[in-house]
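J.: Let me give you the structure first, and then I'll get to my questions.
The values are calculated or read from the model by the stated rules, or taken from the named source; none is laboratory data. It should be emphasised that the depicted structure is a prediction, and the values quoted were computed from it without experimental measurement. Glycine gets a Cβ as well: all are built from the backbone with ideal geometry, and neighbour counts include every protein chain shown.
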Amino acid sequence: MSGCEYNNMGQSPSFQEVLSLIHLTNHGVYLVNGVPQEAAGIEPSEARKRTMAYRILQAHSISDDPEQLKVRFDAMVSHDITYVGIIQQARASGMKEFPIPYALTNCHNSLCAVGGTINEDDHMFGLSAAKKYGGIYVPANQSVIHSYAREELAKCGSMILGSDSHTRYGALGTMAVGEGGPELAKQLLKNTWDVRLPEVVLVYLTGEPKRGVGPHDVAIALVKATFENGFVNNRVLEFAGPGIKSLPIDFRNGIDVMTTETTCLSSIWETDEVTRSFYEAHQRPEDYAELHPEDGAYYDRMITIELDKVEPMIALPFHPSNAYTIREFLENAEELLAKVEADAQKRYPKAHVHLTDKIHDGGVWADQGIIAGCSGGLFDNITEASDIIRDRFIGSGRFSFSVYPTSVPVSLELMKVGATAELLEAGAVIKPSFCGPCFGAGDVPANNGISIRHTTRNFPNREGSKPGEGQFSGVFLMDARSIAATAANGGRITAATDIDYTPVHHDYHFDRKVYDNRLYYGFGKADPSVELVMGPNITDWPKMYELTENLLVELAAVIHDPVTTTDELIPSGETSSYRSNPLRLAEFTLSRRVPEYVGIAKGIASEEAARRADGRTEKLAAILGHVGNADELMGCTQFGSCVFANKPGDGSAREQAASCQKVLGGFANICYEYATKRYRSNCINWGILPFTIDEGTPFEYEAGDCVFVPGVRDAIAEGREDIPAKVIRRDGSVDDLMLHVRGLTPDEKEILLRGCLMNYYAAKQN
């Protein structure tokens, strides 16, 4: 079709040329007889109903308004840095049992050497909760969260909610969404996930990948084409087209899980005999159903991917979208690595970054290769890696190679087909199922090291280093095939298409005996007599107060980076041990980006505590005196901290990015745009007002300046989206600032008025 090709902002002309395999069509298209068309003789409003996404969403919504969805999910999944907080919230709000299948996996807090007994205490809480409330408990190292959901929970036409941003099972015919913990608590309390009907983007696949090209290559190219320009932000990706039939199910799953990095809302794929075979192999043939768009389905945008043109890719720090073909990277390594060095030095002045040193002896040399997690540790990825490295050796130099199969059933099958033995013979290390390499726990490379990884993200600190303290190493994302090719060359970065090898196909056989013998299946068997096992690190949430008539917030951090990730708001890695202790975890808030934030926020919170206790503080009186009668305002004006960032919330779904701000006395965020719906929802659910300002409005204020929002409670209650405010600078001068809070649902308004989701539910119980 003759379409309008969208401009991929921020990409160099040379890469635009290389990326000709992906075309972005920035207008509506119809899918007629399986082929994209400009017109189909049907109104878009009606033709939208013919997408797979529309039918599944409406089937799960209890709303009378098809444009305003109120979704109830079929199942949920959480891992061990989120489920304690979720269950604690739901328990405090009156939950008696899990109303839907809810799997508690233990794949993040699995290194018990970190935090003493803390991690295993969380696991024992999870097991006791599964018994008390009727849940599914997956012990440590049995499976990573998304592998278990694929193996046991996905069903064609169903919906799953997970407290992890990579909750994506679209290739199995399941629409899945990653959200912050409070959204899961809502489902446990038989409430709904509320969202406007999203736009749907057609991802039309053609061709067949060449040998040596894997799912991460396709996924990284897709992220490169769509992330920075926001082409699919908060939209649903619907995969169709003749190219799907050429892709094995692991290849599809490997692309699908990475759609999170495009900032889309969810995904769904056409199903076929390959999908049916997956369900049959996992002994659940009844969960398969044929899914296709109806003829004439209308899509708001389209992405066309020519699979036969995809080349092996590499994503450089600090985002999966900072991507190039491996060929282009090697040809321009001096320039590209120098750019990473400059970026790192700007972000982390204490670090002395030297990556161009990796260029020598005719190549670029990595220090470490990792294949792991929900994207990398799949059966097909690992068997093909073993095909590539068969009869080759990684050598005795500094390069190391670790492989983490995604679940014990996958590990068993890899042993049976001989892949494990071949990898061990080549010098690889086989490790248990664990998400650590994806979020900075385990396999941390040396200072100034390069780690090439088939994992989901390469944000700062995702490899576990602490560049804010002067220690730096970088993650470069690559597909398992090219990582194996690099390992076969002793660490010299190599595209798998440049290695001579013969892929050997192995049918996958799922042996569920290990699950039957080890997992606890408690859905429908809640036992109220079971006592929750509460280790000393598991604590309740501190008291949170209702929104007052007026709001005064002090800027505790002002960040002008283009995007601020949740990893920067609350770091991953070793902090995971404290996810069940709100006060202790809050000590890490913004610690790797604005180290002084915690001390500033605590000082602000102490002023608010004094105001509540004594009715007045001299500091607040001085500030409020610039905008009115301080004595009159003092009793009806809440004082808290605030963060400004240009575009916060990209990345993980972790609610702690918002809850830690609230625990430290945060009452508002101000930005131009929230990077994801899930982060904005987290803010609302923790009673943090999600203010925005108009794009182009200069924000030239500093930490220590204050923002006074008069009449904020009435504005929220009445649904006023434009809220005038005053900025009180430290020198006493006052500026006007227009704030916005747009698109709040009735429930969201009430949550903000009550101060947080837990207060909202507590009020409903009374």
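J.: Looking only at residues that are basic (Lys, Arg) and over 22 Å from Asp498 (Cβ atoms) in the stretch 460-484, which one is surrounded by the most Cβ atoms within 10 Å (Cβ to Cβ)?
T.: That would be Arg462.
J.: Take the conditions over 21 Å from Ile538 (Cα atoms) and either free of Cβ contacts under 8 Å to residues at least 60 places away in the same chain or part of a loop (DSSP other than H, G, I, E, B) (or both) and apply them to Glu208. Does it pass?
T.: Judged against the criteria, Glu208 is a match.
J.: Is it the case that the stretch 569-578 has a residue that's part of a loop (DSSP other than H, G, I, E, B) and either over 30 Å from Ala130 (Cα atoms) or of a type in the set (D, E, K, R) (or both)?
T.: So far as the stretch 569-578 goes, no, none of its residues is part of a loop (DSSP other than H, G, I, E, B) and either over 30 Å from Ala130 (Cα atoms) or of a type in the set (D, E, K, R) (or both).
J.: Right, another one. Just the residues that are among the aliphatic types (A, V, I, L, M) and surrounded by fewer than 20 Cβ atoms within 10 Å (Cβ to Cβ), please, taken from the stretch 515-530.
T.: Of everything in the stretch 515-530, those that are among the aliphatic types (A, V, I, L, M) and surrounded by fewer than 20 Cβ atoms within 10 Å (Cβ to Cβ) turn out to be Ala526, Val530.
J.: Among the residues of the stretch 81-100, how many are touching a strand residue (DSSP E or B) at 6+ places or on another chain (Cβ under 7 Å) and crowded, with 24+ Cβ neighbours inside 10 Å?
T.: Of the residues in the stretch 81-100, 2 are touching a strand residue (DSSP E or B) at 6+ places or on another chain (Cβ under 7 Å) and crowded, with 24+ Cβ neighbours inside 10 Å.
J.: Assess whether Asn447 counts as being of a type outside the set (Asp, Glu), within 20 Å of the chain's Cα centre (by Cα) and part of a loop (DSSP other than H, G, I, E, B).
T.: No.
J.: Oh, and also: Wholly within the stretch 233-324, which strands (runs of 3 or more DSSP E) include no fewer than the required count, namely at least 3 residues that are of a type outside the set (A, V, I, L, M, F, W, C)?
T.: 301-306
J.: Out of everything in the stretch 485-514 that is touching a strand residue (DSSP E or B) at 6+ places or on another chain (Cβ under 8 Å) and part of a helix (DSSP H, G or I), what residue ends up being surrounded by the most Cβ atoms within 10 Å (Cβ to Cβ)?
T.: That would be Ala487.
J.: Condition (residue is surrounded by 24 or more Cβ atoms within 10 Å (Cβ to Cβ), modelled with pLDDT of 95 or more, of a type in the set (Ser, Thr, Tyr) and within 23 Å of Thr51 (Cβ to Cβ)) applied to the stretch 139-161: is it met by at least one residue?
T.: Checking the stretch 139-161: not a single residue is surrounded by 24 or more Cβ atoms within 10 Å (Cβ to Cβ), modelled with pLDDT of 95 or more, of a type in the set (Ser, Thr, Tyr) and within 23 Å of Thr51 (Cβ to Cβ).
J.: Looking at (1) among the aliphatic types (A, V, I, L, M); (2) surrounded by fewer than 17 Cβ atoms within 10 Å (Cβ to Cβ); (3) assigned to a loop (DSSP other than H, G, I, E, B), which one does Ala59 not meet, given that it meets all the others?
T.: All conditions pass for Ala59, except number (3).
J.: Could you tell me which numbered condition Leu737 fails, if it satisfies all but one of (1) touching a Lys or Arg at 6+ places or on another chain (Cβ under 9 Å); (2) exposed (fewer than 14 other Cβ atoms within 10 Å of the Cβ)?
T.: Going through the list (1) touching a Lys or Arg at 6+ places or on another chain (Cβ under 9 Å); (2) exposed (fewer than 14 other Cβ atoms within 10 Å of the Cβ), Leu737 breaks only (2).
J.: Give me the residue from the stretch 162-177 that is at pLDDT 95 or above and assigned to a loop (DSSP other than H, G, I, E, B) and, out of that set, nearest to His60 (Cα to Cα).
T.: Out of the qualifying residues, it is Gly173.
J.: Return yes or no: is Ser147 assigned to a helix (DSSP H, G or I), in contact (Cβ under 8 Å) with a residue 40 or more places away in the chain and in contact with a helix residue (DSSP H, G or I) (Cβ under 8 Å, 6 or more places away or on another chain)?
T.: Yes, satisfied.
J.: Taking the options Val558, Val563, name whichever one is surrounded by fewer than 23 Cβ atoms within 10 Å (Cβ to Cβ), at pLDDT below 95 and more than 24 Å from Asp443 (Cβ to Cβ).
T.: So the residue among Val558, Val563 that is surrounded by fewer than 23 Cβ atoms within 10 Å (Cβ to Cβ), at pLDDT below 95 and more than 24 Å from Asp443 (Cβ to Cβ) is Val563.
Matching residues to (1) under 24 Å from Val663 (Cα atoms); (2) in a loop (DSSP other than H, G, I, E, B):
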site	(1), (2)
Lys525	no, yes
Val530	no, yes
Ile538	yes, yes
Lys543	yes, yes
Thr548	yes, yes
Leu552	yes, no
Leu555	yes, no
Asp561	no, yes
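J.: Condition first: at pLDDT 95 or above and farther than 20 Å from Pro746 by Cα. Now tell me which residues in the stretch 61-86 satisfy that.
T.: The answer is Phe73, Asp74, Ala75, Met76, Val77, Ser78.
J.: Here is a list of conditions, (1) of a type outside the set (Val, Ile, Thr); (2) buried (at least 22 other Cβ atoms within 10 Å of the Cβ); (3) free of Cβ contacts under 8 Å to residues at least 60 places away in the same chain, and Tyr324 meets all of them except one; can you say which number that is?
T.: (3)
J.: Here's something else I'd like to know. Let me confirm something: among Val709, Val727, which residue is at pLDDT 95 or above, in contact with an Asp or Glu (Cβ under 6 Å, 6 or more places away or on another chain) and β-branched (Val, Ile, Thr)?
T.: Residue meeting the stated conditions: Val727.
J.: Hey, does the stretch 190-202 have a residue that's touching a Gly at 6+ places or on another chain (Cβ under 9 Å), farther than 25 Å from Arg327 by Cβ, surrounded by 24 or more Cβ atoms within 10 Å (Cβ to Cβ) and not aliphatic (A, V, I, L, M)?
T.: No, the stretch 190-202 has no match at all.
J.: Might you let me know whether the stretch 468-475 holds any residue that is in the same structural domain as Ile359 (by TED's automatic domain parsing), under 22 Å from the mean Cα position of the chain (by Cα), over 30 Å from Pro209 (Cβ atoms) and not basic (Lys, Arg)?
T.: Within the stretch 468-475, one or more residues are in the same structural domain as Ile359 (by TED's automatic domain parsing), under 22 Å from the mean Cα position of the chain (by Cα), over 30 Å from Pro209 (Cβ atoms) and not basic (Lys, Arg).
J.: Within the stretch 615-701, considering only helices (runs of 4 or more DSSP H) that don't extend past its boundaries, which have at least 2 residues that are under 25 Å from the mean Cα position of the chain (by Cα) and either farther than 19 Å from Lys602 by Cα or touching a residue at least 12 places away in the same chain (Cβ under 8 Å) (or both)?
T.: Here the list reads 656-663, 677-685.
J.: Okay, next question. Just for the stretch 597-614: of the residues that are touching a strand residue (DSSP E or B) at 6+ places or on another chain (Cβ under 8 Å) and free of Cβ contacts under 8 Å to residues at least 40 places away in the same chain, which one is farthest from Pro571 (Cα to Cα)?
T.: Arg611
J.: Pairs needed: first member in the stretch 340-365, outside the structural domain of Gly491 (by TED's automatic domain parsing); second member anywhere, of a type in the set (S, T, N, Q) and in a strand (DSSP E or B); C-beta distance under 8 Å; at least 6 residues apart or different chains.
T.: Once the first residue is outside the structural domain of Gly491 (by TED's automatic domain parsing) and sits in the stretch 340-365, no partner that is of a type in the set (S, T, N, Q) and in a strand (DSSP E or B) comes close enough.
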